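*Asks:* The following block contains the structure, expressed as structure tokens.
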4 protein chains.
Amino acid sequence: MEVGFLGLGIMGKAMSMNLLRNGFKVTVWNRTLSKCDELVEHGASIGETPAAVVKKCKYTIAMLSDPSAALSVVFDQDGVLEQISDGKGYIDMSTVDADTSSKISEAITSKNGYFLEAPVSGSKKPAEDGQLVILAAGEKALYDEAIPAFNIMGKKSFFLGQVGNGAKMKLVVNMIMGSMMNAFSEGLVLADRSGLNPHALLDVLDLGAIANPMFRMKGPTMIQNSYSPAFPLKHQQKDMRLALALGDENAVSMPVAAAANEAFKKARSVGLGDLDFSAVYETVKVVEHSS
Amino acid sequence: MEVGFLGLGIMGKAMSMNLLRNGFKVTVWNRTLSKCDELVEHGASIGETPAAVVKKCKYTIAMLSDPSAALSVVFDQDGVLEQISDGKGYIDMSTVDADTSSKISEAITSKNGYFLEAPVSGSKKPAEDGQLVILAAGEKALYDEAIPAFNIMGKKSFFLGQVGNGAKMKLVVNMIMGSMMNAFSEGLVLADRSGLNPHALLDVLDLGAIANPMFRMKGPTMIQNSYSPAFPLKHQQKDMRLALALGDENAVSMPVAAAANEAFKKARSVGLGDLDFSAVYETVKVVEHSS
Amino acid sequence: MEVGFLGLGIMGKAMSMNLLRNGFKVTVWNRTLSKCDELVEHGASIGETPAAVVKKCKYTIAMLSDPSAALSVVFDQDGVLEQISDGKGYIDMSTVDADTSSKISEAITSKNGYFLEAPVSGSKKPAEDGQLVILAAGEKALYDEAIPAFNIMGKKSFFLGQVGNGAKMKLVVNMIMGSMMNAFSEGLVLADRSGLNPHALLDVLDLGAIANPMFRMKGPTMIQNSYSPAFPLKHQQKDMRLALALGDENAVSMPVAAAANEAFKKARSVGLGDLDFSAVYETVKVVEHSS
Amino acid sequence: MEVGFLGLGIMGKAMSMNLLRNGFKVTVWNRTLSKCDELVEHGASIGETPAAVVKKCKYTIAMLSDPSAALSVVFDQDGVLEQISDGKGYIDMSTVDADTSSKISEAITSKNGYFLEAPVSGSKKPAEDGQLVILAAGEKALYDEAIPAFNIMGKKSFFLGQVGNGAKMKLVVNMIMGSMMNAFSEGLVLADRSGLNPHALLDVLDLGAIANPMFRMKGPTMIQNSYSPAFPLKHQQKDMRLALALGDENAVSMPVAAAANEAFKKARSVGLGDLDFSAVYETVKVVEHSS
């Protein structure tokens, strides 16, 4: 099978490498073309431009760093839009907002191309291990066609209906995650200030009904006040803001998420936005100051 | 080894049965003595009164339904206090408030007895399977002595320091759990109202960093509006109230737990207090009404 | 003095009438021209189009119902923009969002016109009585020129700096008001459920440090469950959303406003959006339901 | 008319002085008797003990600093209880919790005395000016008898029903006040961070529907970061905690008050508890710190 792949950052490189290793023919493109070298060593072809990749392949996957890169690859000169056409598919696996996804979708379909948004849950390690969770939405026929690729890149893929639903699903998950991180932080501080050993709390939590990988991974580093950014706090707060806005549109009142969002804002306001989102723990902790 | 066991409700029966099956000699007592029969069939002896059990055994475990039962068994006529003495131990595994635990602790130690509070995390099934998590606090020597019994009743036991710490640890865990249940409920409603399939949300959650047994168990029944009370909402709200009070004592601000507590109160106010705590989902859902 | 006045709704009619009665020459325009008749009886001239009004007057005031009307009057054919020019002023007293205000400001100033946004605090009665509070921002020279008119229409006018600041000031005030309305509603319900007479609470409040016109006016009608919409709940909630967004931009954490916003959302979700914003009281009250 | 007066602190001295100046015969007692001197100069008699005062007077008013002083004056040797009897009245105007008030009420009535709790709203200045608001509850006949005294000490008195209702009314009022102070603080910070002049906000607020004495008095000092304690923050937070507990008893969900309470806790946690409750503003403000 022949697929195109645009964007060879940390995620895209791992994902396209997995495709190559599992028998796919992959034509790759990256803004800095030298990043293609390692893929070429493993058998990839190079496309000179996004348009060239799309021209060559039945469907093309993109994994770009942000909405402006995602738009640029489609709409700029030599972009996807110049070659997309009847029967060709374009799968954007970048994490972008609903507006960006809509714009791309409309442009692709107006040229009779098939479009799928397919943001993923999981970062570097799951990408390397082919263990991503793929949240696809848009053209069902294209989803069906891409299943073999999704099965290599991810441990599970979902087809969620119309374009926008992939992004929404990610927001809902991240909103729950953000509230949980606050609940966890409050619990750690309460334990500590009440004379309990926070490490004991981690052990107890890990044996019970709410044991989960996030508590297990983040707990020990939080206790050490270490917040190397796996998922930056400012991005978590942005997702909570967007999830609350989605709730606002649909008249869903979410007081716990709103309280968590304000805690993340507080953390941003004291300069923690670039640290890991678990740094919200810092604002829950007691800090004596003079005023 | 010879131990006493007071209280053969759902939990106590399962726990004492496990002790019997694993080679312990157990002398049991229950307010309704007929409940001892099944244990006797498996080799247990009967003590006519709590005092009689304590007299006979080096240490005695209690698993009672509430604080008043826990106090009654110790302080009433023929109670534990009449026979507790130098070298004997009393381990209360009931879930009680800090005041009750303190009172019992003081009474036992004033007679030179050893005291351990040891509330458990886990309900019927883990009790039967010997998979409880035991949160012990008080006399370390008694804890060490009881380890063989704890190893049978539970998958893990913790020694948490001074009396009161067991109860506090449970509060912290339940507070986190209560906030998580609200975060989960808000997410389920947001998904549903945004056009996503709540079942898909459950599947996505279960594959990610915040996957946990509670979401897995409660999610499907919540979507069916089924709230058979494993842990009644009014008890969850009471624990959140007590956790917030503990935070107040120690000047810990916990806005997310406070928001969750108010949501549980709202649920109580509309008559959901006796249902499972997951029924807070009902108050998050949109309910059109005329006013 | 000669001024133009665009928009003769409830507010605009009262404001322009006050100008007429106090010696101003006023040229009026309204989409439905027949609404100009009463003003003409009191001495007003009619302009056939917004452009005609602007052509005739040194400066023109607009009081329109919403952002789309505010944009239309400026940008449509025969609109303000066709005649605005060097030395002429345009004062938009409508309540619009910052984007709308910016667009209008840029268009006016690109033609060398002077622009002032000047939203007001106060509704029908203060408009009739010349008791509005005017929150002006933009071109200071135009503000100075308009002071005689502002002094007639309002009891007080403020010059707040650059365009956008008028709208922001209104958001901040309305945000505080929305949180206060929730605090008030919670207090009324708490009083009632605790066995106190809510009317006694109103009397006590009105004698103390937090006595204010809103509690005095809204309290009695709220107790009667009467919510005739002076300021619709959905607009109050929109303003809270925008105020929270403004806080988000500036990294200001506002947990109380966020909680109040979620309460207004809850009220919207149960169908109270078109009632007065005091109807949030309904969602605070205890409503027994079966589920 | 002859009344007793126990407690000559800042409040009690001002209140008893007003009674003297308005024709009452007053017998005073204070723990430090020298504090009676100024009152004696104005015509007061001295009672050597609370019991002596009660023996001499038809009814006795107390204004004590806290619950323990209020209990001590009644129950200690030479206390009120030794002389209270059929037909005599005791009016406790101290601010105490419901439990303390109940204990005193039961003791007085068990001796056939009449009891009235009558906490006040207002501090030093209103006490001096006879402008307190009096929240009385308990024995209606005693209330009627005390009206002439209440009319001198206060601008208004309320009879609120059974003992406890005076304290509850105060809690409700203080809860609303605490939420308002947070709303106000958030608004001030939002204005400042959004480029608005906080002084302009104060001016605008003071002209509108939510204008109130608290904003007027506290606003200017808050902007100067000056928090001389008229009402200490830790007491405000205690009242919010008690109001929330009252809501919990009666199943009233109050998310805005809960959020405000957590903000006050945060302020306590950073060492602001002894400053004025308006110091919660400090925790809302943005404080850059390194962590």
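No lab work stands behind these numbers, since they all come straight from the coordinates. Just so it is clear, the model here is predicted, and its values are computed rather than measured. Glycine gets a Cβ as well: all are built from the backbone with ideal geometry, and neighbour counts include every protein chain shown.
*Asks:* Under a GNM of chain D (C-alpha, springs under 10 Å), which listed residue has the highest mean-square fluctuation: D:Phe264, D:Phe150, D:Phe75?
*Replies:* So, out of D:Phe264, D:Phe150, D:Phe75, the one fluctuating most is D:Phe75.
*Asks:* Hey, for D:Lys125 with labels 7 Å out along Cα-Cβ, what do the inter-copy distances come to in nm, ordered shortest first?
*Replies:* Its label point is 2.7, 6.2, 6.5 nm from the equivalent points in the other copies.
*Asks:* Still on this model: Could you give the dipole magnitude of chain C about its Cα centre, charging the beta-carbon of Lys and Arg +1 and that of Asp and Glu -1, in debye to the nearest 20?
*Replies:* Roughly 240 debye, rounded to the nearest 20.
*Asks:* Can you pull the Rg over Rh of chain A, Cα-only, Kirkwood?
*Replies:* Result: Rg/Rh = 1.03.
*Asks:* Continuing with the same structure: Please work out the C-alpha center-to-center distance from the range A:145-224 to the range D:200-255 and express it in whole Å.
*Replies:* Taking the Cα centre of the range D:200-255 as reference, the centre of the range A:145-224 is 37 Å away.
*Asks:* Now a separate question. For the range D:60-167, what mean projected area does the convex hull of the alpha carbons give, in nm²?
*Replies:* Details: hull surface 23.7 nm².
It is 5.9 nm².
*Asks:* If I take the Cα coordinates of the range D:1-107 and project them onto the principal axes, what are the three extents in Å, biggest first?
*Replies:* Principal axes ranked by extent give 36, 28, 23 Å for the Cα atoms.
*Asks:* Convert each backbone phi in the range B:90-95 into a coupling constant with the Karplus relation 6.51 cos²θ - 1.76 cosθ + 1.60 (shift: θ = phi - 60°), then list the ³J(HN,Hα) values in order as whole Hz, x for Gly and Pro.
*Replies:* 9, 10, 9, 9, 5, 8
*Asks:* Another question, then. Once the Cβ-Cβ distance between B:Glu41 and B:Ser123 is put in as r, and R0 is 35 Å, what FRET efficiency do you end up with, to the nearest 0.05?
*Replies:* 0.90
*Asks:* Still on this structure, please answer the following. List the GluC sites (Glu not before Pro) within the range D:14-75 that DSSP assigns to loop and that have no more than 16 neighbouring Cβ atoms inside 10 Å.
*Replies:* Passing sites in the range D:14-75 are D:Glu48.
*Asks:* Another question, then. If I take the rotation axis that carries chain C onto chain B, which residue of chain C has the nearest beta-carbon, and at how many angstrom?
*Replies:* C:Pro255, 3
*Asks:* For a quick check, take a GNM of chain D with Cα springs below 10 Å and name the residue from D:Phe158, D:Phe115, D:Phe277 with the largest mean-square fluctuation.
*Replies:* D:Phe158
*Asks:* Run the quick spin-label model on C:Glu106 and C:Lys285: label points 7 Å from Cα toward the beta carbon, then report their separation in nm to one decimal.
*Replies:* For the pair C:Glu106/C:Lys285, the computed spacing is 4.8 nm.
*Asks:* Here is a further query. Report the charge-dipole magnitude of the range C:167-284 in Debye, nearest 20, computed about the Cα centre from +1 at each Lys and Arg Cβ and -1 at each Asp and Glu Cβ.
*Replies:* Once rounded to the nearest 20, the dipole reads 260 debye.
*Asks:* Could you list A:Val173, B:Val40, C:Val73 so that the one with the fewest beta carbons within 10 Å of its beta carbon is first and the one with the most is last?
*Replies:* B:Val40, A:Val173, C:Val73
*Asks:* Another question, then. Please compute, over every Cα-Cα pair in the range B:154-218, the percentage with a separation greater than 15 angstrom.
*Replies:* 63 percent
*Asks:* Where Rh denotes the Kirkwood radius from the mean inverse Cα pair distance, what is Rg over Rh for the range B:1-64?
*Replies:* That ratio is 0.90, to two decimals.
*Asks:* With no solvent and one equal point scatterer per Cα, compute the Debye intensity ratio I(q)/I(0) for the range D:168-284 at 0.17, 0.23 Å⁻¹ and report its log10, rounded to two decimals.
*Replies:* Result of the Debye calculation: -0.81, -1.31.
*Asks:* Consider just the alpha-carbon atoms of the protein assembly as shown and return their Rg together with their Dmax, both in angstrom.
*Replies:* Gyration radius and largest Cα-Cα distance of the protein assembly as shown: 34.9, 108 Å.
*Asks:* Mind checking the dipole of the range A:3-155: about its Cα centre, +1 per Lys or Arg Cβ, -1 per Asp or Glu Cβ, Debye to the nearest 20?
*Replies:* 380 debye
*Asks:* Copy-to-copy spacing for C:Asn22, label 7 Å out on the Cα-to-C-beta vector, in nm, shortest first?
*Replies:* Label-point distances to the other copies, shortest first: 4.3, 7.5, 8.7 nm.
*Asks:* Can you compute the radius of gyration and Dmax for the range C:110-189, using only the Cα atoms, both in Å?
*Replies:* Looking at the range C:110-189, its Cα Rg and Dmax stand at 15.4, 55 Å.
*Asks:* Tell me the distances, shortest first, between D:Ser72 and the same position across the other copies, using label points 7 Å along Cα→Cβ, in nm to one decimal.
*Replies:* 4.1, 7.4, 7.5
*Asks:* I've got another one for you. Can you sort A:Ser16, B:Ser269, B:Ser102 so the residue with the fewest Cβ neighbours within 10 Å comes first?
*Replies:* With the sparsest Cβ surroundings first, the list reads B:Ser102, B:Ser269, A:Ser16.
*Asks:* Taking the alpha-carbon distance from A:Lys58 and a cut-off under 18 Å, which aspartates and glutamates remain once sequence neighbours fewer than 8 residues away in the same chain are dropped?
*Replies:* In chain and number order, the partners are A:Glu2, A:Glu48, A:Asp78, A:Glu82, A:Asp86, A:Asp92, A:Glu117, A:Glu139, A:Asp144, A:Glu145.
*Asks:* Considering amide H positions built from the backbone, and no H for Pro or chain starts, which residues 5 or more places from D:Tyr114, or on another chain, come under 5 Å of its amide H?
*Replies:* The list, which skips near neighbours in sequence, is D:Gly87, D:Lys88, D:Gly89, D:Tyr90.
*Asks:* List the residues whose amide H sits under 5 Å from the amide H of A:Leu132, counting only those 5 or more places along or on another chain, with H placed 1.01 Å from N in the peptide plane.
*Replies:* Residues meeting the amide H criterion: A:Gly154, A:Lys155.
*Asks:* If I model a spin label as a point 7 Å beyond the Cα along the Cα-Cβ vector, how far apart are those points for D:Asp66 and B:Ser72 in nm?
*Replies:* For the pair D:Asp66/B:Ser72, the computed spacing is 3.9 nm.
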